[in-house]
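The values are calculated or read from the model by the stated rules, or taken from the named source; none is laboratory data. On a predicted model such as this, the values are computed, not experimentally measured, just so you know. With ideal geometry, Cβ positions are generated from the backbone for all residues, glycine too; neighbour counts draw on all protein chains shown. Side chains included, ligands, DNA and RNA excluded: accessible areas come from the protein's heavy atoms. Shrake-Rupley method; radii C 1.70, N 1.55, O 1.52, S 1.80 Å.
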Amino acid sequence: MKLMVIGGGGREHALAWKLAQSSSIARVLVAPGNAGTAGEPKCENLAIRDNDVAALVAAAVQHQVGLVVIGPESALVAGVADAMREQGIPTVGPSAAGAMLEASKAFSKQLMIDAGVPTAAFAQVTTEEEALRFIAARPAGGLVVKADGLAAGKGVVVCDTLDQARTEAIAMLRDRPFGDACSTLVLEERLTGPELSYIVLTDGTHFLPMPTAQDHKRLLDGDLGPNTGGMGAYSPVPFVTDELAATIHATVIEPTLAALRARGIPFRGFLYAGLMLTPDGPRVLEFNTRLGDPEAQALLLAFRGDILPMLLACAAGDLSATSPPPSTPAAVIVLAAEGYPLDPVKDALIVGVEEAEVVSTAKVFHAGTRLDRGLRVNGGRVLGVAAHGNTPDEAISSAYLAAACIRWSGMQYRTDIGKALNEP
Ligand code: AMP
Ligand code: GLY
């Protein structure tokens, strides 16, 4: 069978690499892919943008692919899944309507309220007056200012004081750093506690929990610096007990799927609850309608068996008789460009990738790379160095050992991924 992976980041490199190992897969087409997928056995890049619906569907039909797996939210929001299904092509990834759960914080907050899913108190504002009025009525303390639309994980500013929140809200509304994504803002109560990426594969009714993961959103060690798309992750998260998982299923996953069904929104794909484990229990910070990046790089390396059967069952709309393959601990360290997340500096020559993969449990996934007289920096998050192990500590150590082989001018990464396993 041929299949198509849509996207060109580290998550999609990991998906293509993992699926190419399935004995039933003859060829993996990756649109657009990256320098990493270009070099993988059985993989071939197609120069099609991830939101070019017509070209993607035409390629899937032409190559008679038996499965499409969609990585990024941009493709989901553009309606790629809907268009593939209209052609009868089995697809993993929700409809454009389902992707609103990620693409609009206002939509997802309303759905959470309707479904009784625990989340932070919030207000939605579109003018400076509304923002200032809401902030003036808040008790002193922290507040979170979020762009309503998609901003690649960067449209969120966690403010320590109301003064800072005023400044940030006015700057976002006036300067529009994320374009129309910040014509509406969500102002949100600041919660505290460890974060957890709780990802399930769902057919809209049944769901399979993936191994748990913890991302590290801030740029710098010690959770300092600006928010990013994610600087590293590990799996599984040791403090997630069966009891906590059952609470998350009952209070978050099941009511959310029921609310989607009640709205007539089909959902076949990954549903990712970004949770904060507060002293009052799990609260949803955001939903994503896809695998996390970089969580996926750790999870896909963690799986010890074939993931194709569960993806085919998801695409066919019935996960009731399927379970995920067994998994071991795994971790991924993101290597980012100088200037990331604000203004990544491109073109630096990357060395040491082959040396890193000499670490037998490690795998280097590409994201912002391109080939041009050697491997070059071509984006903010450049490489994800992943490794598996018998324990999370072993996986993390191997990932760092491999990462230490790689260098370029201005390369930055966190040295504390998984080190402060911040328990609730
Ligand atoms: P989001 O894109 O909404 O997940 O936000 C990105 C990051 O900002 C989260 O992973 C948290 O680290 C932080 N964050 C978002 N909302 C809150 C909140 N209400 N309280 C504290 N931190 C938050
Ligand atoms: N790692 C966070 C995300 O994928 O949104």
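Of note:
- Length gained when the stretch THR167-ALA262 is fully extended (0.36 nm per residue, less Cα-Cα span): 30.3 nm
- Expressed in Å, the radius of gyration and Dmax of the Cα atoms of the chain are 20.5, 61.
- The local environment of MET100, defined by Cβ-Cβ distances under 14 Å, has a net charge of -2 under the rule Lys, Arg +1 and Asp, Glu -1.
- Per residue, the accessible area of the chain comes to 38 Å² when a 1.4 Å probe rolls over the protein heavy atoms.
- Stretch gain in nm, segment ARG407-GLU354, where the contour uses 0.36 nm per residue and the Cα spacing is subtracted: 17.9 nm
- Heavy-atom accessible surface of the chain: percent carbon and sulfur, 1.4 Å: 52 percent
- 222 nm mean residue ellipticity, helices alone, for the chain (DSSP H n ≥ 4; -39,500 (n - 2.57); rounded to 500): -8500 deg cm²/dmol
- Residues within the reach of a label modelled at LEU371 (point 7 angstrom out along Cα to beta-carbon, backbone nitrogen below 20 Å), restricted to region 42-86, are 42-49.
- Filtered trypsin sites (Lys or Arg not before Pro), region 295-404: DSSP coil and at most 11 other beta carbons within 10 Å: ARG304, ARG373
- A straight chain from ALA47 to THR192 at 0.36 nm per residue would run longer than the Cα-Cα distance by 47.9 nm.
- Solvent-accessible surface (1.4 angstrom probe) belonging to GLU129, in square angstrom, nearest 10: 120 Å²
- By average C-beta atoms within 10 angstrom, highest first, the peptides 136-145, 322-331, 27-36: 27-36, 322-331, 136-145
- Anisotropy class of region 359-424 from Cα gyration tensor, a/c 1.5 cut: prolate
- Cα gyration tensor category, rounded, prolate or oblate, for region 49-193 with a/c compared to 1.5: prolate
- Gaussian network model of the chain, springs between alpha carbon atoms under 10 Å - residue of ASP293, ASP50, ASP393 with greatest fluctuation: ASP393
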